[in-house]
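Participant: Structure provided below as structure tokens; questions to follow.
We did not get these values from a lab; they are worked out from the coordinates using the rules stated. No experiment lies behind these values; they were computed from the predicted model shown. Here the Cβ is made from the backbone with ideal geometry for all residues, glycine too, and neighbour counts use every protein chain on show.
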Amino acid sequence: MAATLTRKQQREQTRQLLLEAAIACLVEYGYAGTTTQRIQDRVQLSRGAFTHHFASKADLLVAAIHHIADERLVLLRSAAAEIEPGPDALPHVVAAIRTAMSGPPFLAALELWVSARTDPELRAALLPPERQLGRALREIFEKAVDGVDPTQARTAFETLLIFLRGLAITGVLRPDDGDSSTKVLEYWMQHMFAAAEP
């Protein structure tokens with residue numbers, strides 16, 4: 001016989017469903033098309049039940065921002081935990097960062113970044129979790145290039161992030177089977193970072 005959920009567990013489960021629905025709507029409809037009604041319909045909740053968890057779309061999206069960052073951190077840390085330190089670590093770390101910067105959570109984050117350009121409140125909500133994620137990415141990257149000149153390592157890291165964001169945006173207009181982007185990433189590894197390898 002299945003255990004009955006407590007009220008607290010039910011609330012947490014519903015909150016989680018709302019966050020996941022918000023992310024799915026951001027990916028499917030974009031920021032402007034992500035309405036509270038669409039989110040409610042996806043989770044099959046009434047307006048009253050929705051506002052019991054979040055007072056507004058803005059409140060939900062701020063929570064979703066943190067949820068997205070947490071999901072990406074879990075993906076990254078899980079992938080990084082499997083990487084053995086040493087001279088062959090860099091390609092594996094780059095692959096782990098690429099994984100964290102792809103998929104539905106990353107597409108949802110892109111939607112929010114673009115919208116934050118003209119929405120100061122959204123931008124303010126995005127900055128703290130994105131900075132936390134950026135620090136985690138940088139720490140993992142720096143471990144893989146231990147012994148490299150810090151300025152060179154920082155430049156390589158920043159260009160990698162810009163490059164991966166560009167690949168994600170390019171993939172929106174020009175779907176890729178993964179082969180082209182992998183070749184481009186290999187090119188970056190061979191040329192951009194060749195001199196910085198420990």
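Participant: Largest first, please: the extent of the C-alpha atoms of the chain along each principal axis, to the nearest Å.
Facilitator: 59, 42, 32
Participant: Let's see if you can work this out: charge +1 on each Lys and Arg Cβ, -1 on each Asp and Glu Cβ, no other charges. What is the dipole magnitude of segment 1-90 about its Cα centre, in debye to the nearest 20? List each step's numbers first, then the result.
Facilitator: Working: 10 positive and 10 negative charges, 134 e Å.
That gives segment 1-90 a dipole magnitude of about 640 debye.
Participant: Along the charge dipole of segment 61-196, which of SER115, TYR187, PHE157 sits closest to the positive end, that is, farthest toward it, with unit charges on the beta carbon of Lys, Arg, Asp and Glu (+1, +1, -1, -1)?
Facilitator: With unit charges placed on the Cβ atoms, the residue in question is SER115.
Participant: Right, here's the next one. Is the shape of segment 125-189 best called rounded, prolate or oblate, per the rule: a/c under 1.5 gives rounded, else a/b larger than b/c gives prolate, else oblate, with a ≥ b ≥ c the square roots of the Cα gyration tensor eigenvalues?
Facilitator: oblate
Participant: Relative to the Cα centre, what is the charge dipole magnitude of segment 61-196, using +1 at the beta carbon of each Lys and Arg, -1 at the beta carbon of each Asp and Glu, and rounding to the nearest 20 debye?
Facilitator: So the magnitude is around 320 debye.
Participant: Taking neighbour Cβ counts within 10 Å as the exposure measure, how do GLU82, GLU111, GLU121 sort from fewest upward? The partial results should precede the final answer.
Facilitator: Working: GLU82 8, GLU111 21, GLU121 11.
Least to most surrounded, the residues fall as GLU82, GLU121, GLU111.
Participant: Between VAL74 and TYR187, what length in nm is gained on full extension when 0.36 nm per residue of separation is reduced by their alpha carbon distance?
Facilitator: Values: separation 113, 0.36 × 113 = 40.68 nm, distance 2.78 nm.
Working it through step by step, the gained length comes to 37.9 nm.
Participant: At R0 = 41 Å, how high is the FRET efficiency between THR151 and GLU121 if r is their beta carbon distance? Nearest 0.05 is fine. Please report the intermediate quantities before stating the final value.
Facilitator: Details: r = 35 Å, r/R0 = 0.86.
E between THR151 and GLU121, to the nearest 0.05, is 0.70.
Participant: Name the residue from LEU173, VAL148, HIS66 whose Cα lies farthest towards the positive end of the charge dipole of the chain, charges +1 on Cβ of Lys and Arg and -1 on Cβ of Asp and Glu.
Facilitator: Ranked along the dipole, the leading option is HIS66.
Participant: Can you list the residues of segment 116-140 with backbone N under 17 Å from a point 7 Å past the Cα of ALA81, pointing along Cα to Cβ?
Facilitator: 136-137, 140
Participant: Moving on to the next point. In percent, what relative contact order does the chain have, based on Cα pairs under 8 Å that are 6 or more apart in sequence?
Facilitator: 21
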